[in-house]
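Shown next, in structure tokens, is the structure this report addresses.
The values are calculated or read from the model by the stated rules, or taken from the named source; none is laboratory data. Just so we're clear, the structure is a prediction, and the values are computed from it rather than from any experiment. Here the Cβ positions follow ideal geometry from the backbone for every residue, glycine too, while neighbour counts run over all protein chains shown. Remember, those area values only see protein heavy atoms, side chains included, never the ligands or the DNA or RNA. Shrake-Rupley method; radii C 1.70, N 1.55, O 1.52, S 1.80 Å.
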Amino acid sequence: MVQFFKVKKPSAPAKAPLDIRIIELNGHGMGVARHQGKPLFVAGVLPGEEVRVQLTAQTSRYATASLQKVIKPSPDRLKPFCIHTSDCGGCNLQQLPLVSQRELKQKAVLSLFGRHGMTDLPEPEWLAGEGQGYRRVARLAIRRQGKGVALGFRQSQSHELVQVESCGVLAPVLSKLIGPLRQLLNRLGSLRLLGHIELYDAAEGVALLLRHKGNLPAADLDILLAFAQEHGLALFLQDDTGRRPLHVPFPLYYQLSNLTLSFTPGDFIQIHGTLNEAMVQQAIDWLAPEPGMPVLDLFCGIGNFSLPLAAAGHPVVGVEGVMEMVEQARGNAEDNQLPQARFYRADLAADFTREPWAEEGFSRVLIDPGRAGAEQVMPYLAKLSPERLLYVSCNPATLARDSEVLLAAGYRISRFGLIDMFPHTPHCEAMALFELT
């Protein structure tokens, strides 16, 4: 029998490293150089640095490369405080001083607004805080690895997982749990059912939410309960049917001035407690409602803005699309003895201007939508014609887009703020005060 075979072609030799000079950082914190007439993007570098890189991808319009060596560092370069900074998808600006990080973010945000023709914004007012140990909420990914599990964060621009022992931006009490949690998970028999873990640094202790599929065996539940009891943790489980508590030895809430806001793991809360308090106070100052003036708070969540406004003496109507959040906000108003805060559920993508609460009339409105923004809401907001409208945004790109509707309706941006809620990342939050002209 004749055996046919093909001669394997030799694999292409790896391309030699390149020595390049970084021109600038883009809005994502990536270094920009030029190679063969097109942009070359590199992470972990600073403007003016001479670096050695290895090409990782090329397209007809740009190329990417990984950093091999910093040949001539910038005088501004800092040593990253985290050993995972080159792999983890989180804090990729650690080599840049915080002040310079904010300059980069401000430039990126103003560029977003410039694309929409808004080039005359007021001078941005910054809210910023500490750069380490600030994060009170985190999500840890779980991945099966051999006969056990790895626990950590997603790799930059990838679904791969970077296993970590600690995290410098997490509240220390959360960071210290990473190692014990991985040991816990490796004791469970139902590894294939595990999804991820959410951590919450609440006022009286730490809460965990373990997401999983199917039914966890009784032996695993006993192990989880014993771990929660040993470490004094509140532990919740969530599968496709819902969320249930396994061990709750203390109430879950966070403090906001003299208020207590109860929450359940899975609810949205701001990750930076100090900046959240500063942001809420700035919102009240900028809206400047007269004594007793009612305020409308759309996308109110569990009452993060509504309750401080009510505590300041203003009747507040908070509106949210999720009934569970509305009930949580109502409970928080009752717990803090604030009957002047009322909460309703409504579909804010539909015309809500004929809702009984909307027909009460408001000269002050606050909105705090998710990353998708409030594009469908803006026409109805314009119909309400409040004198002042404060838009708090976790995504300046959608804020810039939504601003066009208000500007066309006769509003102007009288104050503009930037919030460094996520230091060491390119992410920036914003706040814009619109006044009717």
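In the set (1) touching a Pro at 6+ places or on another chain (Cβ under 9 Å); (2) over 20 Å from L275 (Cα atoms); (3) touching a residue at least 40 places away in the same chain (Cβ under 8 Å), V109 fails one condition alone, (2). Any residue in the range 273-294 that is hydroxyl-bearing (S, T, Y) and closer than 24 Å to R345 by Cα? Scanning the range 273-294 turns up no residue that is hydroxyl-bearing (S, T, Y) and closer than 24 Å to R345 by Cα. Those strands (runs of 3 or more DSSP E) of the range 212-264 in which at least 2 residues are among the aromatic types (F, W, Y), considering only elements entirely within it, cover 253-256. Across the range 334-352, the qualifying residues are those that are aliphatic (A, V, I, L, M) and at pLDDT 95 or above, and the one among them that is nearest to M323 (Cα to Cα) is A346. Identify the residue in the range 64-88 that is out of contact with any Pro (no Cβ under 7 Å at 6 or more places or on another chain) and of a type in the set (A, V, I, L, M) and, among all such residues, is farthest from V164 (Cα to Cα). Once the filter is applied, the top-ranked residue is I71.
Within the range 110-132, how many residues are buried (at least 16 other Cβ atoms within 10 Å of the Cβ) and within 22 Å of the chain's Cα centre (by Cα)? Qualifying residue count, the range 110-132: 9.
Within the range 274-330, the set of residues being of a type in the set (V, I, T), touching a residue at least 40 places away in the same chain (Cβ under 8 Å) and assigned to a helix (DSSP H, G or I) comprises T274 only.
Residue count for the range 216-237 satisfying the condition of being in contact (Cβ under 8 Å) with a residue 24 or more places away in the chain and under 19 Å from G189 (Cβ atoms): 10. For the range 378-403, the set of residues classified as open to solvent by 10 Å² or more (accessible area, probe 1.4 Å) and among the β-branched types (V, I, T) consists of T398 only.
Would it be correct to say that N332 is under 24 Å from the mean Cα position of the chain (by Cα), within 25 Å of L127 (Cα to Cα) and either open to solvent by less than 10 Å² (accessible area, probe 1.4 Å) or among the basic types (K, R) (or both)? The answer is no for N332.
Only one of the numbered conditions (1) among the small types (G, A, S); (2) within 25 Å of I269 (Cα to Cα); (3) open to solvent by less than 40 Å² (accessible area, probe 1.4 Å) is violated by A349, and that is (3). Exactly one condition in (1) open to solvent by 60 Å² or more (accessible area, probe 1.4 Å); (2) within 30 Å of E404 (Cβ to Cβ); (3) part of a strand (DSSP E or B) is not met by E103; state its number. Of everything listed in (1) open to solvent by 60 Å² or more (accessible area, probe 1.4 Å); (2) within 30 Å of E404 (Cβ to Cβ); (3) part of a strand (DSSP E or B), E103 misses just condition (3). Restricting attention to the range 172-195 and to residues that are charged (D, E, K, R) and assigned to a loop (DSSP other than H, G, I, E, B), the residue that is most open to solvent (accessible area, probe 1.4 Å) turns out to be K176. Right, A333: closer than 28 Å to G129 by Cα and of a type in the set (G, A, S) or not? For A333, the condition - closer than 28 Å to G129 by Cα and of a type in the set (G, A, S) - is not met. For the residues Q106, Q101, Q94, the requirement of being in contact with a Cys (Cβ under 7 Å, 6 or more places away or on another chain) and under 14 Å from G29 (Cα atoms) singles out Q94.
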